[in-house]
Amino acid sequence: MKTSINRRHFLRGTGALIALPALESIGFRQFASAASNTPAAPAKRAVFLGMGFGVTKETWFPDQKQTGAGYDLPEGLAPLARHKSDFSVVQGCSNQYSNEAHWGSTFWLTGANRYSVPGQSMANSISVDQVIAQQLGQSTRFSSIQLNAGQGSGSGHGPGLSLAWNQRGKPVAGTNDPVQMFHKLFSPDNMPLVLRQAAIAERRSVLDAILTDAKHLQKGLSKNDTDKLDEYFQGIRDIETRLSKDEEWLQVPKAKAPIDEPKPGLKGKEEIEVMYNLIVAALQTDSTRVMSYRLPGQTLLQSLGAKLSAHNVSHYQPGERMDASQARDKAHSELLAGLIDKLKATKESDGSSLFDHTTLAFGSNISSIHYLDNCPTILAGGGANLKMGEHIVLSKDTPLCNVWLTMLHGMGIKAERHGDSSGIVKKLRA
């Protein structure tokens, strides 16, 4: 295979070379298929669904005395009964550094200490979905896709632009409009190829000019300013990486949409259902293999007829608030059951289902009534070799990141640790 070393294969910035991954669209697919006639195994996928304000502890969590496969599904999880053998409920986990009872997802996938950087009151680290994206996102059009709650959702999620945080602990943007996401995934770009190439070249020239100017500032800076400038350079390199990926996929047509374009203006329960349809469609077409969805709070309650705010419902007590909290839990379980239905019904080329190769995590950093221990956690799917069909109770305050580390290892990603992890969860391994 004839190759040339140019900016298409290496990105230059601040004296470093950053190699691009082996992308199928520049010949690696043909090379691999020529080497073997054996069909490739279906790809692994990962999906993370994060709530804001947690659940109703009295009716969502199974009885801690009932562990293993013989536990009784509580009222809040009853809509998932038909899938009971295909998901596990994990109790006892938390993030040891969490101290903000209104931040249901900011540290859910990172396990970071917000005060880890001296002089700063807010720091984060990479989220587990982005760790997976670094491995699984190399040969798809989108390394990962982040979905968000719509505007005015009253989510209780805390700082962030989605559930995702990059390797520098910076927020990764998400999309809150199902119609916009549909077009991002499936609508062709009608701009002529030469104009799209010119647009990328223009962005690169702007970045080069910015880097040149920034390098002139390096001498004589304080340590704090040097650190800030290094972070700035890394941001520029991240943009260059995204531009190179855009370039590699310029002449590769987008997949044909397996679903119809969503109706505009959907809110609450309907919005979640459509977003779940988009998740299945994106995975089915291999547009991406890593997805996350920061679920709505306020609009979900409104769509269920509740007139209370999501925050007030999270401070539930017997009566109207608790009724609304339980209705929200039931709606989440119904929607999750529907998502699993669709993943099971979508077939791979070898006859297995999409569900067989997808790891699905559903939960929150907040357990209930603003408590930060015993994070509600549901794991489903066959993509990470985890034990399914069980109620698993771990020792109090087991790092939630131990669950994420176990998931990573089950997907073949040999991370030494993640966040505040102390090891894998042996009870979770199939």
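Taken together, the values in this text are just the output of simple stated rules run on the coordinates, not laboratory data. Owing to the predicted nature of the structure, the values given are computational and were not obtained by experimental measurement. Reconstructed Cβ throughout: ideal geometry from the backbone, glycine too, with neighbour counts over all protein chains shown.
Rounded to whole numbers, the Karplus 3J(HN,Hα) couplings from phi for the stretch 43-58 are 5, 7, 9, 9, 9, 10, 10, x, 7, x, 9, x, 9, 8, 4, 5 Hz, using 6.51 cos²θ - 1.76 cosθ + 1.60 with θ = phi - 60°, and x at Gly and Pro. Overall form of the stretch 112-165: oblate. Here a/c, set by the Cα gyration tensor axes a ≥ b ≥ c, is 1.5 or more, and a/b is not larger than b/c. Among T59, T110, the order by Cβ neighbours within 10 angstrom, fewest to most, reads T59, T110.
A simple rule links phi to the HN-Hα coupling: the Karplus curve 6.51 cos²θ - 1.76 cosθ + 1.60 with θ = phi - 60°, which for the stretch 70-76 gives x, 7, 8, 5, x, 4, x Hz, with x for Gly and Pro. Per-residue Cβ neighbour counts within 10 Å put S287, S98, S352 in the sequence S352, S287, S98, beginning with the fewest. Residue-wise HN-Hα couplings along the stretch 396-411, as the Karplus relation 6.51 cos²θ - 1.76 cosθ + 1.60 with θ = phi - 60° gives them from phi, are 3, 6, 4, x, 4, 5, 5, 5, 5, 5, 4, 4, 4, 4, x, 8 Hz; Gly and Pro carry x. For L386, the amide hydrogen comes within under 5 Å of the amide hydrogens of A430, counting only partners 5 or more places away or on other chains and with H modelled in the peptide plane. The local environment of S367, defined by Cβ-Cβ distances under 13 Å, has a net charge of -2 under the rule Lys, Arg +1 and Asp, Glu -1. For the stretch 270-402, what class follows from the C-alpha gyration tensor (a ≥ b ≥ c being the square roots of its eigenvalues): rounded when a/c is under 1.5, otherwise prolate if a/b is larger than b/c, else oblate? Oblate is the answer for the stretch 270-402, as a/c is 1.5 or above yet b/c matches or exceeds a/b.
State whether the stretch 385-429 is rounded, prolate or oblate according to the following rule on the C-alpha gyration tensor (a ≥ b ≥ c being the square roots of its eigenvalues): a/c under 1.5 gives rounded; otherwise a/b larger than b/c gives prolate, and the remaining case gives oblate. Oblate shape, in that a/c is at least 1.5 and b/c is the bigger or equal ratio.
Here V117, V90, V172 are placed in order of increasing Cβ neighbour count within 10 Å, fewest first, which gives V117, V172, V90.
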